[in-house]
Amino acid sequence: MAELKVNLCGIEMDNPIIPASGTFGYGYEFAELYDINILGTFSFKGTTKEPRFGNPTPRIAECTAGMINAVGLQNPGVEKVISEELPKLKACFHKPVMANVSGFSVEDYAYTCEKLNACPEIGWFEVNVSCPNVHGGGMSFGTSPEAAAEVTRAVKKVTTKPVLIKLSPNVTDIVSIAKACEEAGADGISLINTMLGMRIDLRTRRPVIANKMGGFSGSAIFPVAVRMVYHVAQAVKIPVVGMGGVTTAEDVIEMMLAGATAVQVGAANLVDPFACKKIIEDLPAAMEKYRMTSLREIIGGIQ
Amino acid sequence: MKQGMFTIAENTPLTQSVYRMRLAGDTTAITSPGQFVNIKLDGYYLRRPISVCDCVSGELTLLYKVVGHGTEVMSRMTAGQQLDLLTGLGNGYDLSKSGARPLLLGGGVGVPPRYMLAKELIAQGKQVTVILGFNKKDEVFYEEEFRALGAEVRVATADGSYGTKGFVTDAMQDVAYTHFYTCGPEPMLKAVYKATTTSGQFSFEERMGCGFGACMGCSCKTITGNKRICKEGPVLVKEDILWQN
């Protein structure tokens, strides 16, 4: 009998599968398709202090084995997330959810997290210090160990739930940033956010995306993500949530061997809305194939 | 929305670049004209959103224009091959607003979704006028098919090589209508917006990520708030539209 349960920062999960923020809304679109309570949890749409429309369109560009997005953190703002989105989420999802939060100043992050901390639906915070396609914000906190640590401390001060910091791969030394967050009190690290990318339309000779560039995701980035998860997991003692191009049950196992306690699935949800359901269903057979009985036991099991 | 495998029954060119693909499969998620399907193609990461031209139980007709690598691959597919489709996407047109004499305006690949719409409106006893716009004569398609439904059909070509010279708006001046339904390139939609005197419904296009409301890739601003072209759209009512430029 394959054991899929993992424990992320003190909260038991039925399995390690987490749809990544920005690819799963607030859950209810997918709840029309299948019972989303089969998931370990999911990370809801990145939420900010104020409502945001995001970037102009086009926001999407296709790539080989992936896509670029420059949505720009479109969300209704924390007040409406609490008053309108969370009640809808609660109606279809009965497990602790992961609250993904973004900001443009340390105070923004603290404000939004403090508001959400009062919501019983929320199990973990995932603090995004790495959105690559928002000008003048987000990204800047994820590119220096000092700034990432400052956000971590500010959020920890106003929250009582586990806080994961979501890191950007678009940095010289991701390990030093992860360690700075750990020292500042982070309960976990999640990585990787999208990689900064760009496409040019040959007919118009203009960037495909109105924002010129955006975050590259999809199966093409999987090897980069595995490498970064491995490096960070080796360097920190807190749990690591791995993501980046995960598409199959075997990808999940590989990510966990690299050191991930749980695994997020992002762009794959947009191509196949049943991607997470299929991965969860495929995991027992994949585990059997590689003679694994418990996922918990393979975390960081790389030889 | 449903995900399902469809089998190609026919894939034939109607013009140099527009093809008709008929597909057999579960069409029960398609509930109104103006909705679209999202097609997975081997070797391409994102699906291709294509409007529904017609749908009868178990059979779907799509008319698509070859504009890039994905549609090029589609054009080479043959009967018997299978495709993975998400169906029943988008809101579709509201037929209850049509009045007795609806006017349907379609430009280029904005023509196809007018077919199922015209068919259903005519079935309801409405007197339907269809105006089809193309660049030139050899790009014209589906004129006779609309006529066979019982619609009054007019064609406009930009170069005057067939029908009225000009755009769909040049062929509508003497038409008495109670409501309109339109789809086409944005300059045409703007011209229709200005030229029309009643309320109406516009179908929009945008580059999409998922096509079912999850990624926020195709959002637009409207009078009544932000909408996703793939979910609250692609059809927006005239009174709701905020032109961005």
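Set the bar at 23 Å for Cα to Cα. Now go through A:Lys115/A:Lys237; A:Lys115/A:Lys157; A:Lys45/A:Lys80; B:Lys97/B:Lys238 and name every pair that lies beyond it. Result: A:Lys115/A:Lys237 exceed 23 Å.
Taking 7 Å steps out from each Cα toward its Cβ at A:Arg205 and B:Lys165 produces label points 3.3 nm apart. Long-range amide H contacts for A:Ser190: which residues qualify at under 5 Å (H placed 1.01 Å from N, peptide plane, sequence gap of 5 or more or a different chain)? Residues meeting the amide H criterion: A:Ile165, A:Lys166, A:Leu167, A:Val241. For region A:41-50, 3J(HN,Hα) computed residue by residue from phi via the Karplus equation (6.51, -1.76, 1.60; θ = phi - 60°) reads 6, 9, 9, 6, 3, x, 10, 10, 4, 9 Hz, glycine and proline entered as x. Note on A:Glu183 and A:Ser144: with the Förster distance fixed at 25 Å, the Cβ-Cβ geometry gives a FRET efficiency of about 0.95.
For a paramagnetic label modelled on A:Arg227 (point 7 Å from Cα along Cα→Cβ), amide N atoms under 17 Å away belong, within region A:193-214, to A:193-197. Dipole of the protein assembly as shown computed with +1 at Lys/Arg Cβ and -1 at Asp/Glu Cβ about the Cα centre; of A:Leu167, B:Leu46, B:Ala118, farthest Cα towards the positive end is B:Ala118.
For B:Gly166, the residues whose modelled amide H falls within less than 5 Å of its own, excluding neighbours fewer than 5 places apart on the same chain, are B:Thr157, B:Ala158, B:Asp159, B:Gly160. For chain B, the share of DSSP beta bridges that are antiparallel, to the nearest 5, is 65%.
Is there a simple number for the mean count of other chain Cβ atoms within 10 Å of the Cβ of residues in A:56-66, and what is it?
On the way: counts 5, 9, 5, 9, 10, 4, 10, 2, 3, 3, 2.
The mean count of partner-chain Cβ atoms within 10 Å per residue comes to 6.
Modelled spin-label separation between A:Met1 and B:Ala123, with each label point placed 7 Å from Cα along the Cα-to-Cβ direction: 5.2 nm. Rg over Rh for region B:2-89 works out to 0.92, using Cα positions for both radii and the Kirkwood form for Rh.
Once you have a ≥ b ≥ c as the square roots of the Cα gyration tensor eigenvalues for the protein assembly as shown, tell me rounded if a/c is under 1.5, and otherwise prolate or oblate according to whether a/b is larger than b/c. Could you put the intermediate results ahead of the total?
Values: a/c = 2.27, a/b = 1.89, b/c = 1.21.
In terms of gyration-tensor shape, prolate.
Please report the antiparallel percentage of the DSSP beta bridges confined to chain A, to the nearest 5. Can you show the working numbers first?
On the way: 16 of 40 bridges.
Antiparallel bridges: around 40 percent, rounded to the nearest 5.
At a Förster radius of 22 Å, what calculated FRET efficiency corresponds to the Cβ-Cβ distance of B:Lys97 and B:Glu144, to the nearest 0.05? The calculated FRET efficiency here is 0.20. The fewest-to-most ranking of A:Thr48, A:Thr248, A:Thr172 by surrounding Cβ atoms within 10 Å reads A:Thr172, A:Thr248, A:Thr48.
An ellipsoid equivalent to chain A, defined through the eigenvalues of its Cα gyration tensor, has semi-axes of 26, 23, 20 Å when rounded to whole angstrom and sorted largest first. Once you order the gyration tensor axes a ≥ b ≥ c over the Cα atoms, which shape class does region B:23-160 get: rounded for a/c under 1.5, otherwise prolate or oblate by comparing a/b with b/c? Oblate is the answer for region B:23-160, as a/c is 1.5 or above yet b/c matches or exceeds a/b.
Of A:Thr41, A:Thr143, A:Thr64, the residue with the greatest mean-square motion in the GNM of chain A, using alpha carbon springs below 10 Å, is A:Thr64.
Taking amide H positions as modeled 1.01 Å from N, with prolines and chain starts lacking one, the residues under 5 Å from B:Val153 and 5 or more places away or on another chain are B:Val130. The overall shape of region B:95-203, judged from the alpha-carbon gyration tensor, is oblate: a/c is not under 1.5, and a/b is no greater than b/c.
Take the Cβ atoms of B:Thr178 and B:Asn135, set R0 to 25 Å, and the FRET efficiency comes out at 0.25.
Report, as an integer, the average count of C-beta atoms from other chains found within 10 Å of each Cβ along A:266-275.
Working: counts 1, 5, 1, 5, 11, 11, 6, 9, 1, 0.
Across A:266-275, the average partner-chain Cβ count within 10 Å equals 5.
Throughout, read-outs are computed from the coordinates displayed, never taken from laboratory work. What you are looking at is a predicted structure, and each value in this text was computed from that prediction instead of being measured. Positions of Cβ are generated from backbone atoms using ideal geometry, with glycine treated the same way; all protein chains shown enter the neighbour counts.
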